[in-house]
Amino acid sequence: MDRVEVAGVGMHPFGRFPDVSLTQMGVVAVRAALKEAGVERGGFQAAFCGTAYGGVASGHKVLGAIGMTGMPIVDVEAGCASGGAALMLAASSIASGQYETVLVFGIEKMPKGMIRSSFFEPWQEESGMSATPAYFALRAQRLMQTSGVTKEHLARVVVKNRSQGVLNCDAMYRSLVSEGEVLSSRLVCEPLHLWMLCSPNEGAAAVVLTRAPSHGANAGLTRESRASSVSLLAAVLRSHLPGPVLGESTPMAGLVESHVVASGEDGAFVNEATLPSATTLAARSAYEEAGVGPEDLDVVECQDTDAARELLSYEELGLCSDGGAGAFFATGATERGGRLPVNMSGGLLSKGEPLGASALGQVVELVRQLRGDAGDRQVDGARVALSHTVGRGANAGVVILRG
Amino acid sequence: MTGVSSEGPLVGKLAQRAIAVTAGLFEMGDPPRLLASSCNECGQPHFPRQETCPYCSADGCTDIELSNNGTLWAWTAVTSAPPGYKGAVPYGFGVVELPEGIRIVTRLTESDPARLSYGEPVHLEIVPVYQDEDGRDVVTFAFAADASDAPVQGGE
Ligand SMILES: [Zn+2]
């Protein structure tokens, strides 16, 4: 398998831009990434575009607007992990030797407020079974029950991420909030208050991947760009195993502690409590592919769709023990200056969540961190980084990068 | 364990003019029933009914009726109407565990989370969600706490 490098990244800020079209946002991110990579028209052999709400041929419209078509353009939908899915396809097309250089981008323009998802049947919407924050709230309540997580922890996740969002000009919310303010924001679904939930919004992000030059060659890259190159060690996408009632697959029912047939896991019978989630499956696979473990990570961007989701991700990604999320967070390990800073971009809680773009937005942040180019948000000496997105499907994407 | 909601809010009073929000999920009888099936291969129960087992992929499942009584496993309340929702807010929402070894995502008749507790006994009811253009009650399944078996829950 060939090694894959990140040659360039670009962003259109995340936020709300009534006067900017979805296509225009994509153009901004794509042009920035191509420019940084030094790749011009004809310089990439395929393009993958992540979007969940973009509609027919969204990626084609972006590349059509700048006259860069003719190559295969694949639009990819995988819910919140759409960008992660696009990245996986792009990376494997290079690793397998099919292409030399590939463009990956994610775009989204979503209405304000609770997400309306075609995932649900009309009767589910009509009878109140499609309230996404309610599913998040039930998951949060379970985490409070099993992992020593308190409502104060949830508020402090928001305080942590928002304090980083202040430093990120691509974020939507750029003001500090206090624990008290978070807890006194409107109660959406107990235990989740409004500010503990990320906002669906708009934005775009793009990444240019290229095959790493074979040993000794420099493939025409300048000395500077070589020195700041970032390797993509793994880009994995996984779905869920059947069983858990509150998994992101959002089933209407699940199984109690009884045994579940874990299809895809050697057909073995495992207990519901130990059944790996889509995120855990993706993380295990990514660690194995990358040849690193959680202990090697220096900086992480993880899915903070809601504050509890970030803490649950700590466990699923193996950053702490199962059941240890509350205690781990309380040590301050994931704060700025801690042992393993998480969501130094401000996270989705600061940036908002444009579904198709969010996963690549994380990758943009981590590439900047690994290049030492993250400005006021820089985690000193960051060498190995992990990004994680998960959402309805279930879809879970895990990416591991090395500077 | 049956008979808990034989005087439930709807069965009697509204059943004749009530229609289910969708077919195949429950029976509005007295007592009401959730319609599930059980896999002939692995024995796991699943809801709603289908021919192929969602857990082991085997074909061939047998219809079963789930218990109407269970315990509360997770709960919250929805305070603002999600897109497409035709009923009133707030409303309770949660997960109930039934003796067959299944956990059901369900509406709850109690919309104040502070009045519910983990593991508390609950039972099945059929409740109105909204009225259709012909003035008929459109109903769905919900679970109510045994302890607060009030005659009619306001706001629903
Ligand atoms: Zn089965």
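The values are calculated or read from the model by the stated rules, or taken from the named source; none is laboratory data. What you see is a predicted model, and the numbers here were worked out from it, not measured in a lab. Every residue, glycine as well, gets a Cβ built from its backbone with ideal geometry; the counts of neighbours run over all protein chains shown. Surface areas here come from the heavy atoms of the whole protein model, side chains and all, with no ligands, DNA or RNA. Shrake-Rupley method; radii C 1.70, N 1.55, O 1.52, S 1.80 Å.
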If each K or R counts +1 and each D or E counts -1, the residues other than B:SER38 whose Cβ falls under 13 Å of its Cβ total -4
List A:LYS151, A:LYS35, A:LYS351, B:LYS86, ordered by accessible area with a 1.4 Å probe, largest first: A:LYS35, B:LYS86, A:LYS151, A:LYS351
Per residue solvent-accessible surface (Å²) - the protein assembly as shown, probe of 1.4 Å: 38
Roughly how big is the A-B contact, given as buried accessible area in Å² (both sides, 1.4 Å probe, nearest 100)? 3400
Name the residue farthest towards the positive end of the dipole of chain A from the options A:ILE66, A:PHE328, A:LEU349, assuming +1 on Cβ of Lys and Arg, -1 on Cβ of Asp and Glu, about the Cα centre. A:ILE66
So how strong a dipole does the protein assembly as shown carry about its Cα centre when Lys and Arg Cβ are +1 and Asp and Glu Cβ are -1, to the nearest 20 debye? 2040
Too-long pairs where the Cα-Cα distance tops 24 Å, listed order kept, from A:LYS160/A:LYS351; A:LYS35/A:LYS112; A:LYS35/A:LYS160: A:LYS35/A:LYS112; A:LYS35/A:LYS160
Carbon + sulfur, % of accessible area of the protein assembly as shown - ligands and nucleic acids excluded, 1.4 Å: 50
When the solvent-accessible surface of protein heavy atoms is calculated with a 1.4 angstrom probe, in what order do A:ASP376, A:ASP304, B:ASP132, A:ASP2 fall, highest first? A:ASP376, A:ASP2, B:ASP132, A:ASP304
How big is the accessible area of A:ARG211 in square angstrom, nearest 10, if you roll a 1.4 angstrom probe over the protein chains? 60
Karplus-derived 3J(HN,Hα), 6.51/-1.76/1.60, for each residue of the stretch A:174-183, Hz, glycine and proline x: 10, 10, 6, 10, 9, 4, x, 5, 4, 6
Roughly how much of A:MET144 is accessible, in Å² to the nearest 10, using a 1.4 Å probe? 60
Please give the solvent-accessible surface of B:CYS56 in Å², to the nearest 10, using a probe radius of 1.4 Å with every protein chain present. 40
Relative contact order, percent, chain A [alpha-carbon distance under 8 Å, six or more residues apart]: 26
For a quick check of your reading of the filter: which GluC sites (Glu not before Pro) in the stretch A:8-111 sit in a DSSP loop and have no more than 16 other Cβ atoms within 10 Å? A:GLU40, A:GLU100
If you average the alpha carbon positions of the stretch A:65-130 and of the stretch A:319-353, how far apart do those two centres end up, in angstrom? 26
